[in-house]
Amino acid sequence: MDGNGRWARARGQMRTQGHLEGLKAAKRIVKAAADMGIRYLTLYTFSTENWKRAAGEVNFIMGLVRKYLRGELDFYRENGIRIRHAGDTTGLPPDIAAELKAACEETGNFDGLQVILALNYGGRDEIVRAVRRAALGGTDLASATEATIRLFLDNPDVPDPDLVIRSAGEFRISNFLLWEGAYAEYYVSPVLWPDWTEKELRAALEAFGKRERKFGGIVP
Ligand code: FPP
């Protein structure tokens with residue numbers, strides 16, 4: 001969800017204001033995705049590297065999660081949205097980890113769009129934690145296959161993403177879904193995240209529809 005800072009700067013506002021608008025955009029896109037019948041949507045909300053930002057900005061983003069994550073329960077219920085988490089819960093402030101757990105439990109039976117909040121998430125970190133979990137559980141890592149590692153990822157039942165969207169014109173992976181995104185299509189939009197509406201999501205899906213997916217093979 002890139003471009004919150006630039007959106008704010010362009011208006012002479014604080015970066016935090018950009019994150020607040022980014023939160024509103026996230027709600028618009030979640031609603032649009034649910035209405036379109038999309039099954040899974042992962043929002044890269046806070047990376048394992050984002051702790052390097054100024055304390056005030058970090059606290060503000062965590063404050064948004066604290067205030068709105070469970071505050072939107074009616075919205076999740078009305079739209080059948082199930083909340084899930086990807087990332088390292090042990091590195092989160094304990095109250096945020098508890099909020100996440102509660103939101104996941106409270107929405108666990110909803111059968112519409114699954115929104116996976118990537119919070120304190122890093123693709124490399126996820127793979128390291130998966131290997132550690134496997135080893136701690138007694139898995140024979142010397143004979144591990146791709147399927148073995150996959151079993152220990154944060155959400156092994158969630159299918160690999162078909163499409164990874166990046167806003168604000170950045171052409172980088174930035175440690176996002178490194179394992180799962182191996183064969184995803186990538187789409188970069190110049191539009192800053194706070195300006196995202198259903199229109200931008202539709203444009204991304206339209207571009208995706210024109211891609212020829214080969215998964216390393218050839219198209220007959
Ligand atoms: C990246 O833009 C954005 C973030 C690191 C924070 C994203 C978080 C939100 C939108 C809050 C959402 C909360 C929930 C619960 C979904 P940037 O700050 O790097 O922007 P810049 O590249 O223009 O500086």
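Please treat every number below as a calculation from the coordinates, not as lab data. Computed from a predicted model, the values in this text were never measured in an experiment. Every residue, glycine as well, gets a Cβ built from its backbone with ideal geometry; the counts of neighbours run over all protein chains shown.
Neighbour counts of C-beta atoms inside 10 Å place L136, L119 in the sequence L136, L119, starting with the fewest.
Taking 15 Å as the cut-off, the amide N atoms of the stretch 120-135 that come nearer than this to a point 7 Å along the Cα-to-beta-carbon line of T90 belong to 121-122, 125-135.
Fully extending the segment from R202 to R172, taken as 0.36 nm per residue of separation minus the present Cα-Cα distance, adds 8.6 nm. Each of G209, F176, L163 was scored by the projection of its Cα onto the charge dipole of the stretch 152-220, and the greatest displacement toward the positive side belongs to G209; charges sit on the C-beta of Lys, Arg, Asp and Glu.
Ellipsoid semi-axes for the stretch 6-122, based on the Cα gyration tensor and the rule √(5λ), read 24, 18, 12 Å when sorted largest first.
The calculated FRET efficiency for the pair R211 and K24, based on their C-beta separation and a Förster distance of 25 Å, comes to about 0.25.
Classification of the chain by its C-alpha gyration tensor yields a rounded form. The axis ratio a/c (a ≥ b ≥ c) stays under 1.5. Computed about its Cα centre, the charge dipole of the chain is approximately 580 debye, with only Lys, Arg, Asp and Glu carrying charge at their Cβ. For the stretch 8-146, the share of DSSP beta bridges that are antiparallel, to the nearest 5, is 0%.
Dividing the summed helix terms, -39500 (n - 2.57) for each DSSP H run of n ≥ 4, by the number of residues in the chain produces a 222 nm estimate of -13000 deg cm²/dmol to the nearest 500.
The dipole here belongs to the stretch 1-69: it is taken about the Cα centre, uses +1 on the Cβ of Lys and Arg and -1 on the Cβ of Asp and Glu, and is about 160 debye.
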